[in-house]
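Peer 1: Sending over a structure as structure tokens; questions will come in a sec.
The values are calculated or read from the model by the stated rules, or taken from the named source; none is laboratory data. Everything quoted here is computed from the prediction, not taken from an experiment. Note that we place each Cβ from the backbone using ideal geometry, even for glycine, and neighbour counts take in every protein chain shown. Surface accessibility is based on the protein's heavy atoms, side chains included, excluding ligands, DNA and RNA. Shrake-Rupley method; radii C 1.70, N 1.55, O 1.52, S 1.80 Å.
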Amino acid sequence: MNLTPKAAALLERWVQAASDIGPALAGEGDLTWTEVRDSYGKQLAAALPAPHGVSFERVELDGVPTMLVVPDEVTDDRALFYIHGGGYVHGAVEAYVGLAGHYAKRLGARAYVPDYRQAPEHPFPTPIDDVFTAYRALLAAGTAPGKIAISGDSAGGAMVITIMRKARDAGLPLPVAGVAISPWADLTHSGPSVRSRAGIDPLCTGEFLDDLARAFLGDALATDPDASPVFAEVRGLAPTLIQMGENEVMLSGAITLAGRLAEQRVRTTLEVWPRMFHVWHMLAGHMAESDEALDNAVSFITREYERAR
């Protein structure tokens, strides 16, 4: 990767913020999981702060604590339902003040970021159930489906597909669009990129993902369609954009997911960004490729908002 010195320094701070996760997964760290998540969130919020022109509130969606991001200018009552990543284990909404802030500001939408319960204290399917509860509550609160877009990264990127499936199966309205950023779509890690990208992705390794999957799945199988949407029946979902970095160990899963969506007649766009790392969007405001990818996501969603009018 040919990163600018500023981007390289921010990426290194991100790597350092995640340094307690591996020991905690191995049962060797001194911190509790709550402390691990708090430390990760605070360090990333300091390294990648919110942009000017957005404010933050704490709300609840049917009991699910949620970070609400409100830009100074909201267009036509738009709402972005954003699902944070972290392998269903170590994510923190505070880590997303930068990314969610830039996303909401560009889109002109209120962004709802559920602070769902995570493994290992709350393994599969609790994180997914919490997010689906929050999505249902957003609809029940009167938010028009034609104003809602759903997006997320990593584990949250996989949940973009899973939540749309669960809404479809429950007879609930779908969002106008889904944007899956670096989705962790295949927890079997059977694709070739786990090996071919080993040592290239600075944020993930196959071994790390295996540890996260074990902590999350509990007694469930990695092939459960709610855990790995590459095995799901996805017919009838909203138009979906998948954005993936070419250096990611998860690349194969995202390509497989895009193919499965396309085969089942979901209008699907796949972007693979050369030399980009896992969820490079986090550096929005600090790296040109991050800004361009986020702009593409916003353009995709905006077109679907217009079609829904």
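Peer 1: Can you give me the accessible area per residue for segment 172-283, using a 1.4 Å probe, in Å²?
Peer 2: Here the per-residue accessible area is 37 Å².
Peer 1: For K166, list the aspartates and glutamates whose Cα falls under 15 Å from its own Cα; do not include residues on the same chain fewer than 8 positions away.
Peer 2: List returned: D129, D130, D224, D226, E233.
Peer 1: Taking H placed 1.01 Å from N in the peptide plane, check which residues at least 5 places from I242 or on another chain put their amide H under 5 Å from its amide H.
Peer 2: A180, T269, L270, E271
Peer 1: Continuing with the same structure: Highest GNM mean-square fluctuation, the chain, Cα pairs closer than 10 Å: which of A170, A180, A158?
Peer 2: Of A170, A180, A158, the Gaussian network model singles out A170 as fluctuating most.
Peer 1: A follow-up question, please. Probe of 1.4 angstrom, ligands and nucleic acids ignored: what's the accessible area per residue over segment 1-142, in square angstrom?
Peer 2: Normalised by residue count, the accessible surface of segment 1-142 is 42 Å².
Peer 1: Which option, (1) 39, 25, 20; (2) 48, 38, 15; (3) 25, 22, 20, is the value of semi-axes √(5λ) of the Cα gyration tensor in Å that was calculated from these coordinates?
Peer 2: Evaluating semi-axes √(5λ) of the Cα gyration tensor in Å on these atoms matches (3).
Peer 1: Something else about it: With θ taken as phi - 60° and the coefficients 6.51, -1.76 and 1.60, list the Karplus ³J(HN,Hα) couplings across segment 54-59 in order, rounded to whole Hz; mark glycine and proline as x.
Peer 2: For segment 54-59, the Karplus curve yields 9, 10, 10, 9, 10, 10 Hz.
Peer 1: Let me ask something additional. Carbon and sulfur atoms: what percent of the 1.4 Å accessible area of segment 1-156 do they account for?
Peer 2: The C+S portion of the solvent-accessible surface of segment 1-156 is 48 percent.
Peer 1: Continuing with this model, one more query. Would you work out the charge dipole size for segment 235-277 about its Cα centre, treating the Cβ of every Lys and Arg as +1 and the Cβ of every Asp and Glu as -1, and quote it to the nearest 20 debye?
Peer 2: Working: 5 positive and 4 negative charges, 48 e Å.
Approximately 220 debye in magnitude.
Peer 1: Another question, if that's okay. Under a 10 Å cutoff between Cα atoms, tell me which one of H278, H84, H52 has the largest fluctuation in the Gaussian network model of the chain.
Peer 2: Maximum fluctuation in the GNM of the chain, among the listed residues, is at H52.
Peer 1: Right, another one. Give the lysines whose C-alpha is closer than 27 Å to that of K105, dropping any in the same chain fewer than 8 places away, or say none.
Peer 2: Straight-line reach from K105, under 27 Å: K6, K42, K147.
Peer 1: Also, quick follow-up: Mind telling me which of I200, I163, I150 comes out most flexible in a GNM of the chain, alpha-carbon contacts under 10 Å?
Peer 2: Looking only at I200, I163, I150, the biggest GNM fluctuation is shown by I200.
Peer 1: Determine the order of S228, S252 by accessible area, beginning with the largest, at a probe radius of 1.4 Å.
Peer 2: Sorted descending by solvent-accessible area, the residues read S252, S228.
Peer 1: Using a ≥ b ≥ c from the Cα gyration tensor of segment 52-145 (square roots of the eigenvalues), is it rounded, prolate or oblate, where a/c under 1.5 gives rounded and otherwise the larger of a/b and b/c decides, a/b for prolate?
Peer 2: Oblate.
Peer 1: Can you tell me how segment 247-309 classifies by the Cα gyration tensor, rounded, prolate or oblate, using a/c under 1.5 as the rounded cut?
Peer 2: Oblate shape, in that a/c is at least 1.5 and b/c is the bigger or equal ratio.
Peer 1: So, one more: What residues qualify as long-range amide H neighbours of L61, i.e. H under 5 Å apart, gap of 5 or more or another chain, H built at 1.01 Å from N?
Peer 2: The answer is T66.
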